[in-house]
Amino acid sequence: MEHFEVKNKDFLARLGRFTTSHGTVDTPLLMPVVHPGKSQIKPKNLRNEFGFQMLITNSYIIKSRNEFRERALREGVHGLLDFDGPIMTDSGTFQMYFHGLPEGEIDPLDIVQFQREIGSDVGTILDVFSEPDAGRAQAEEDVKVSLERAEKSIGEKGSMYLAGTIQGGVYEGLREEAASRMAALDIDIHPIGGVVPLMERYRFAEVIRATLAAKKHLPPNRPVHLFGCGHPMFMAIAALAGCDFFDSASYAKFADAGRILLPTGTAHLENLRELPCDCPICSGMTADDLKQLPEKERVISLMRHNLYVTASEMRRIRQSIVDGKLIELASARARSHPSLQEALQVIINSQAMLEENDPVGKGSSIFYTGPETIVHPAFVRHHLRTIRRYPFWATDTLLLVPHMGDRPFSDTTALIADAVRTTLPEKAILFYVTPFGVVPLELEHVYPAQQTVFPKTIDAYTVKTAKARLLEIVEKMRFRKAYWFLRDVYTSKFLSAVTPVTEIETLDSATAIAEVIPKGEEDREGLRKLRALFAFQWEIDISDDFLESIEVVYSRSTGKIRHLKRDGEILFTVVPTTGMLTPTFEGGLELLSQRVAEDYVVTMEEEASEFVAAGKSALAKFVTRASPALRAGEETVVVDPAGNLVGVGKSVLNGQEMLAFDRGVAVMTRHSKRLD
């Protein structure tokens, strides 16, 4: 399957490229619904004026009317609509549900054949729509029939991409079963069906549950389409849950009813004193001007406004994915309505899915938006890796310093940080207690420790979660004495979570610090940090021989570690924005010699290995082995079938995706065998 590739990821959202015979489009995307005979805004203008890349129309309507059918068969659906970009066609499932058409009105195979004959880029099976209030037995039957039709339809698709709709009503188990069985078929796109009535009733949480239930079992190389979703207030949340395609006729239906779409909800024109938008329509007239237009002109103006707002929101979503900021946009949208907030919480509660898909070390700042921030996958991952990988769990003295992460940790606690850095871990360990959990001194610059902005006060759920993380880490630590340095910051309230502990009232007294840190052999500066970094990033217990063989180079401007060298050659560089190590080719060799975990090794086919060795990126199509535990964003070593290093770079996809995709980059190569 070579029509979809992923360029960027954020939470479950994917910035992708979808290729058809009529062009390539960027996802997530919204397809305006176009009626072949009623479009008051020409299809070509939907692209030229508003920037929509792809359209959707209804093949049942086209087939059932002679004037549409004959022209579509003669000129194709692209000629019928006068649109030369990609077009998707629906099969008429929703019309059968909405208009109560009799069973047998549409033949399941005949409608797929027709979509192929009129040149649809993406055709859709005739699935069975499950009403939200349908009983489980009825929903099971609908799934059964939909799957049977999908299986039979495959033989009729030809070169047309086929969309296999996932039904199951409000029953998550049925959605999972339908997705699992549909995944085994030669299907290209998976719409989540039967959700329009849920969205109309503001049951957004159930829409998200249905989507996540399906995504657990769908192949990652197939786009997911949320059927009938086109309101800008919900699209960011749906994209966060992993939806790639959207479609809607809302822009026209709402305009006909005198309503305007906004990223925060819907407004009735008759209630507006001002036009709350800066689109060409709203910035070109007043609310009174718009109200006084002749009806036809007013409706078209409202349509255009709705299209401008929807297109703008979709562009904003795509940019937010690139910036690693989609959660902040989705959180802002969720504040528009309690039902949206509930839907966002469903996503946030799916922590395992989020951690598996959200890239490591994005480097973008994380702004606190509310209780959902504490379970951001970057924070969850940081805590889990600290628990599992931090190498120093026994010490004489444990030092706990509350901090809000608003300034570099060491800058505000210089005396104690400097004292701990130059002693052995078995003598003293320093933990910073932050609003998102514990940050060991050695990992103070590792993402997201100092790329996070919290307010001076935080909500009760965040406090509870951060306290639990603190307690989990402290309980694992073996120590003789514990000290809590009191500071005028909110996280000082976490003191009650740790007992027994001795309170110290000042941080800036060298005498006080000297009294609590045991005397002993000094550590060569930087080595304890390097041990922690290699363990945290690659699960490597780095050898003494390696540490003794390297030169640690510090930045003149920041004083932070910049490079690790051996015999004048750079092996590793610390990235300033993430605090993580990136290897050169020689560094990759060192990782292999240090027995880096298989989770960070990607194996290529023999011929493809030669291209990587020449400096080309590792393409997913040629990956033969990648661990399911590999995450996007990891610093990865790429090897040939014999295990020989051919390149190092940053993973674009996770391990499961590398094996599923036949298109796109798996690892962006930084250094390779021949280039180095």
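Every number here is computed from the coordinates shown, using simple stated rules; none is lab data. Just so it is clear, the structure is predicted and the values come from calculations on it, not from any experiment. Glycine gets a Cβ as well: all are built from the backbone with ideal geometry, and neighbour counts include every protein chain shown.
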Exercise. How high is the FRET efficiency from Asp567 to Leu486, r the C-beta distance, R0 35 Å, rounded to 0.05?
Worked result: 0.15
Exercise. Taking amide H positions as placed 1.01 Å from N in the peptide plane, with prolines and chain starts having none, which residues 5 or more places from Lys7, or on another chain, fall under 5 Å of its amide H?
Worked result: Leu15, Gly16, Arg17
Exercise. Taking every pair of alpha-carbon atoms in segment 270-371, what share in percent sits in each 10 Å bin, from 0 to the bin with the longest distance?
Worked result: 12, 32, 27, 19, 9, 1
Exercise. Peptides 270-283, 160-173, 395-408, 205-218: what's the order by average Cβ count within 10 Å, highest mean first?
Worked result: 160-173, 205-218, 395-408, 270-283
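Given the DSSP H assignment, sum -39500 (n - 2.57) over each helix run of at least 4 residues in the chain and divide by its residue total; what's the result at 222 nm in deg cm²/dmol, nearest 500?
-11000 deg cm²/dmol, from helical runs alone.
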Exercise. Using alpha-carbon positions, what is the distance between the centroids of segment 591-652 and segment 428-454, in Å?
Worked result: 31 Å
For this session: Under a cut-off of 22 Å between alpha-carbon atoms, report the lysines in cross-link reach of Lys296, not counting same-chain residues fewer than 8 places apart.
Result: Lys38, Lys42, Lys44, Lys253
Exercise. Under the Karplus relation 6.51 cos²θ - 1.76 cosθ + 1.60, θ = phi - 60°, what is the ordered set of whole-Hz ³J(HN,Hα) values for segment 315-327, x standing for Gly and Pro?
Worked result: 5, 4, 5, 4, 5, 5, 5, 4, 7, x, 10, 5, 4
Seminar exercise, completed: Diffing segment 87-94: the Karplus 3J(HN,Hα) column from phi (6.51, -1.76, 1.60, θ = phi - 60°), in whole Hz with x for Gly and Pro, holds 10, 9, 10, 8, 9, x, 4, 5
Seminar exercise, completed: Rounded to a whole number, the Stokes-Einstein D of the chain in µm²/s (Kirkwood radius over Cα pairs; 20 °C; 1.002 mPa s) is 78 µm²/s
Exercise. Using alpha-carbon positions, what is the distance between the centroids of segment 236-279 and segment 120-151, in Å?
Worked result: 28 Å
Seminar exercise, completed: A convex hull over the alpha carbons of segment 344-490 yields, per residue, a volume in Å³ of 108 Å³
Exercise. On a 0 to 90 degree scale, rounded to 10, what angle separates helix 527-538 from the longest Cα axis of the chain?
Worked result: 20 degrees
Exercise. Over segment 241-322, what is the relative contact order in whole percent, taking alpha-carbon pairs under 8 Å and six or more residues apart?
Worked result: 33 percent
Exercise. What percent does the relative contact order of the chain come to when contacts are Cα pairs within less than 8 Å and at least six residues apart?
Worked result: 11 percent
Seminar exercise, completed: Contact order relative to length for segment 366-516, counting C-alpha pairs under 8 Å separated by 6 or more residues, stands in percent at 33 percent
For this session: Using a/c under 1.5 as the rounded threshold, could you call segment 433-498 rounded, prolate or oblate? The axes a ≥ b ≥ c are square roots of the C-alpha gyration tensor eigenvalues, and prolate needs a/b larger than b/c, oblate otherwise.
Result: oblate
For this session: Under 30 Å Cα to Cα from Lys152, which lysines show up? Leave out anything in the same chain fewer than 8 places away.
Result: Lys63, Lys144, Lys215, Lys216, Lys621
Exercise. Amide H neighbours of Glu634 under 5 Å, counting only residues 5+ apart in sequence or on other chains, H built in-plane at 1.01 Å?
Worked result: Val360, Ser651
For this session: Return one number: the angle in degrees, 0 to 90 and rounded to the nearest 10, between the long axis of the Cα atoms of helix 460-476 and the longest principal axis of the Cα atoms of the chain.
Result: 40 degrees
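Packing-wise, with mean Cβ within 10 Å as the measure, how do 32-40, 493-501 rank, highest first? Mind dumping the intermediate values first?
Values: 32-40: 17.6, 493-501: 14.3.
In decreasing order of mean packing, 32-40, 493-501 become 32-40, 493-501.
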Seminar exercise, completed: Diffing segment 605-616: the Karplus 3J(HN,Hα) column from phi (6.51, -1.76, 1.60, θ = phi - 60°), in whole Hz with x for Gly and Pro, holds 4, 4, 5, 5, 4, 5, 5, 5, 4, 8, x, 7
